[in-house]
Each structure stands twice: as C-alpha cells, then as structure tokens.
Amino acid sequence: MILAHGGAGRRSMSGAQRENLRAALEVGYHLLERGAPAAAAVEQAIRVLERSGLFNAGLGARLQLDGARRMDASIMEGRGLRAGAVASMEGVVHPITAARLVMEETDHVLLVGPMATRFAKHFKLERRRSPAPKQVPYDRMLRRARLARQRHGTVGAVALDRCGTVAAGASTGGIARMLPGRVGDTPLIGCGVYADNHAGAVSMTGIGEGIIRLVAAKTICDRLEKGETPASAARHVLKMLVARIQGSAGTLVLAPDGRFTITHVTPHMAAGWWNGKGKPIVGDCFR
C-alpha cells in the first residue's frame, strides 16, 4: 500500500498535478510489488513529485524573501525507527534523496544549510542552479512575511511493504513569503513525518508552525499505538490544531495492518492511494 500527497490548501489541483500524483503512486507501488522496502517506495514516489516542478518541492520550490531557494525534506522507517532529514538545502533537485542518504550513510538525523548542500554534493546528487541571495532590508522582509498568503504544496508519501514495515517522507520548498532561514515541520521528525511499525506512518502538510507546536505526526502515531483507527487519530489531532492554534493542515495516515486515512481541514488536499488493484485513486477533497 502507498499513499502520496501534493499539499493541502485553498486551491484545487490541476490536471497535470493529478496525473503526476498518479505517476508517483505507480512508481512507488511497483517497487513495493517487487519486494522493495517501504522507504525506497516513499523516496522514489516523492522524487517523481519533486522533479515535476508542479508542487512546492524540488524543481517547483518557492523562493524565500531574499530570493534564495532553500528546501527541506525528511524520511523515516518504522522497523528500526531510523530517520534522516535536511533543512535549508540549496541547489539540489531531490532533497528527499539527500534525507535518505543521511539516514543510510550517517549516524545523524538532521543536516542543515550549506553543510547539507555540501553533503549532497559529496554523494553527487543531481544539481540545479540556485539563485544567489539578495541584499534586502530586513524590515522590508518582515513586513512582507506578515502579509503572506498561505498556499501549500509540500509533497509527501507513506508506504507499507511486504515485510510489514512502514515508512513516511516529505519534501518542501516552504511557504509563501518566508524569511530567510525559515524551517517548517517537514524536516522535523515527529512533526512533519513519523513512522513506527508498532503504530503506523504519518506524513503531514499545511502550515508548519502549527504542526510543529503540536508535534502532530508523533501525536497521531501515539494515538494509533493506543488502538485508535487512522481516521479517528487524524481527526482528533487536526481538530485540536484548529481549536487551539487556528492551524491549517492535512495528513496521510497508514496503519501497519493496511488501514489508512487521508484527512484535511483545508478546502483541498491533493492526494491519492493505491494498493495495486484497479487504478490509483487521486483526488483533492477527502474528509
């Protein structure tokens, strides 16, 4: 089983985004079908979305207020609770692959900034031209940041493999009108993503500041481990997000037994799922 999303927000998805999500699900599921681990399926599905330029990740990542493009990503697998993440990375097409390399090739969890970019260069990840930062007065950037209109396009996926291991991942270019150096929930394990074979896998999307304050992905997993269904656990946390923080988010939740939910408190959430039967199911309104 694999689920993927292209963000939650006010806009419905385009036809091109729908087809790209379908392609991502197909790539991820076919890997699972051949016996690949869940983390590989999550990574490769997200790579399809990053490369498309249709979402706020990878080639489509937004610029921060100084004109630079800085990206975040993370991945986690539930058998050994291994995780890897990168934040404020520049000049890389696939931050999700850098995150998986942090998980697989180091004893660390999170690398940030220029050193994360240098790490990606060391492993010869595909590069892209990165705009140089501009000298913009800070008070002007602060004013623009306060006027930001939130439009989301973070991408993510969760998967369950043949061995019963779950994995979760996400990749983003942030939010509109970000202050330089802003980091949201996506690279923070337990906030944007979490995966535990005893509970399930979660990938969040939305306004990261609220998701961080509730440690949303881990909070959902904790409720799963106590016996709640994916739908109940997700609804409870999103309801709390709205009531206590006036937050805005959507989530993919997948239990180790294959039960799942796609839930959001935004008008739209571009997402889909596939278990290999029929064709992948893709839509932008799941309740």
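The set of residues from segment 15-49 being of a type in the set (K, R), more than 20 Å from H268 (Cα to Cα) and touching a residue at least 12 places away in the same chain (Cβ under 8 Å) comprises just one member, R47.
Filter segment 116-132 down to the residues that are open to solvent by 40 Å² or more (accessible area, probe 1.4 Å), modelled with pLDDT of 80 or more and within 20 Å of M178 (Cβ to Cβ) and list them by number. Scanning segment 116-132 gives a single hit, R128. Hey, any hits in segment 204-217 for a residue that's within 18 Å of A38 (Cα to Cα) and at pLDDT 95 or above? Yes, there is a match, as at least one residue in segment 204-217 is within 18 Å of A38 (Cα to Cα) and at pLDDT 95 or above. Close Cβ contacts (under 8 Å, 6 or more residues apart or on different chains) running from residues in segment 185-214 that are touching a residue at least 60 places away in the same chain (Cβ under 8 Å) to residues that are among the charged types (D, E, K, R) and crowded, with 21+ Cβ neighbours inside 10 Å comprise T186/D72; P187/D72; G192/D185; A195/E77. Restricting V92, V136 to those that are surrounded by 13 or more Cβ atoms within 10 Å (Cβ to Cβ) and under 28 Å from A8 (Cα atoms) reduces the list to V92.
None of L101, L125 is within 28 Å of A23 (Cα to Cα) and touching a helix residue (DSSP H, G or I) at 6+ places or on another chain (Cβ under 7 Å) except L125. Exactly one residue out of S12, S52 is free of Cβ contacts under 8 Å to residues at least 40 places away in the same chain and among the hydroxyl-bearing types (S, T, Y): that is S52. Total residues in segment 19-57 satisfying the condition of being over 18 Å from A8 (Cβ atoms) and touching a His at 6+ places or on another chain (Cβ under 7 Å): the figure is 1. Restricting to segment 26-66, and then to whatever is on the phi > 0 side of the Ramachandran plot and open to solvent by 10 Å² or more (accessible area, probe 1.4 Å), can you tell me which residue is modelled with the highest pLDDT? So, considering only residues that are on the phi > 0 side of the Ramachandran plot and open to solvent by 10 Å² or more (accessible area, probe 1.4 Å), the one modelled with the highest pLDDT is G35.
Residue check: is L142 out of contact with any Phe, Trp or Tyr (no Cβ under 7 Å at 6 or more places or on another chain) and surrounded by fewer than 24 Cβ atoms within 10 Å (Cβ to Cβ)? Yes; evaluated as a whole, the condition is true for this residue.
Residue count for segment 224-249 under the criterion of being more than 26 Å from M178 (Cβ to Cβ) and crowded, with 21+ Cβ neighbours inside 10 Å: the result is 4. Being crowded, with 18+ Cβ neighbours inside 10 Å, more than 16 Å from A270 (Cβ to Cβ) and over 17 Å from the mean Cα position of the chain (by Cα): is that true of A87 here? No: the conditions fail for A87.
The values are calculated or read from the model by the stated rules, or taken from the named source; none is laboratory data. Predicted model, so just to flag it, every value in this text is computed and none were measured. Every residue, glycine among them, receives a Cβ derived from its backbone with ideal geometry; neighbour counts consider all protein chains shown. When the accessible area is computed, the model is the full protein with side chains, heavy atoms only, and any ligands, DNA or RNA have been set aside. Shrake-Rupley method; radii C 1.70, N 1.55, O 1.52, S 1.80 Å.
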